[in-house]
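As structure tokens, the structure follows; a few thoughts come after it.
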């Protein structure tokens with residue numbers, strides 16, 4: 001089994017890093033001593049990146065009162081943390097937008113699920129007064145990034161997966177991943193976050209998004225992402241082969257202070273946000 005894990009991890013390590021402009025912008029946006037002009041200059045090296053940042057800046061999630069037309073304006077209107085979230089989001093889209101045959105997800109489906117989970121995480125963050133909400137957005141967006149590594153290997157076990165899902169004693173899908181391949185997508189996702197030099201808190205949230213109770217003292221962000229993933233699946237966005245085999249940790253939601261009525265309201269809010277996104281696309 002260890003040889004198989006080594007093979008998967010080696011494949012993961014071969015994934016291209018973020019483009020140079022993205023990596024440098026992430027670093028500069030985290031440095032309070034860096035001027036906005038320098039950040040703008042770095043981002044403008046990649047006009048495709050700029051275009052996507054502006055598109056997301058004007059999305060329903062941020063709800064800005066006037067249209068954002070330049071990166072400098074985005075920095076002033078949204079703030080550095082939000083722009084940093086947008087930079088990461090745009091860079092991740094290249095991977096999340098691909099088809100994931102191991103999860104029976106067509107092209108774009110994992111990106112749609114990830115964006116919805118990001119929005120759901122931010123909505124929960126606002127409800128429970130978690131700050132910063134944009135950190136929750138990025139954690140939700142990236143929670144399934146490990147699937148882009150594991151999909152190729154799971155696709156080789158499609159018959160075994162179908163058999164396991166039909167078993168009356170079926171277990172959660174991350175357990176199936178570990179049994180068939182030797183590692184689960186949450187673990188690989190955390191390794192990718194580390195490879196991309198993202199903040200450790202994001203890696204922690206990705207690693208424990210299926211089991212927030214195991215996150216120790218830093219449980220809150222993993223619990224937020226766990227709830228966001230559950231909400232996103234509940235409204236039917238990006239179910240895939242694994243969607244119905246996800247176990248809900250009700251205790252984690254209770255620790256956040258969320259009860260059944262809150263979840264229903266949050267699901268309605270999420271659907272409204274997604275409808276606004278679709279209308280503005």
By its C-alpha gyration tensor, with a ≥ b ≥ c as the square roots of the eigenvalues, how is the range 118-183 shaped: rounded for a/c under 1.5, else prolate for a/b larger than b/c, else oblate?
prolate
Cα convex hull of the chain: mean projected area in nm², to one decimal?
14.7
With axes computed from alpha carbons, what is the tilt in degrees of helix 185-195 against the longest principal axis of the chain, rounded to the nearest 10 within 0 to 90?
40
With 10 angstrom as the radius, rank 220, 115 by how many other C-beta atoms surround their C-beta, starting from the fewest.
220, 115
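Grab the DSSP H runs of the chain that are 4 residues or longer, score each as -39,500 (n - 2.57), total them, divide by all residues and round the 222 nm result to the nearest 500 deg cm²/dmol. Present the calculation step by step, with values, prior to reporting the outcome.
Numbers: 16 runs with 183 residues, N = 281.
It comes out at -20000 deg cm²/dmol, rounded to the nearest 500.
If a/c stays under 1.5 just call it rounded; otherwise compare a/b with b/c (prolate if a/b is bigger, oblate if not). Do that for the range 73-196, with a ≥ b ≥ c from the square roots of the Cα gyration tensor eigenvalues.
Working: a/c = 2.53, a/b = 2.01, b/c = 1.26.
Verdict is prolate for the range 73-196.
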For a protection proxy built on the mean count of beta-carbon atoms within 10 angstrom, sort 202-209, 247-254 highest first, please.
202-209, 247-254
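Which whole-number percent gives the relative contact order of the range 54-202, counting Cα pairs below 8 Å spaced six or more residues apart? Could you put the intermediate results ahead of the total?
Values: 165 pairs, mean separation 27.6, N = 149.
In percent, rounded to a whole number, it is 19.
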The chain: angle of helix 20-29 to the longest principal axis, Cα-based, in degrees nearest 10
70
Degrees between helix 47-57 axis and first principal axis of the chain (Cα, 0 to 90, nearest 10)
80
With an 8 Å Cα cut-off and a minimum separation of 6 or more residues, compute the relative contact order for the chain in percent.
19
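Arrange the peptides 134-145, 226-237, 37-48 so that the one whose residues have, on average, the most other Cβ atoms within 10 Å appears first.
Numbers: 134-145: 28.1, 226-237: 22.8, 37-48: 15.8.
Ranked by mean Cβ neighbours within 10 Å, highest first: 134-145, 226-237, 37-48.
Where a number appears in this text, it was derived from the coordinates with a stated rule and is not lab data. As the structure is a computational prediction, the values presented were derived from the model and not from experiment. Virtual Cβ from ideal backbone geometry, glycine too; neighbours counted across all protein chains shown.
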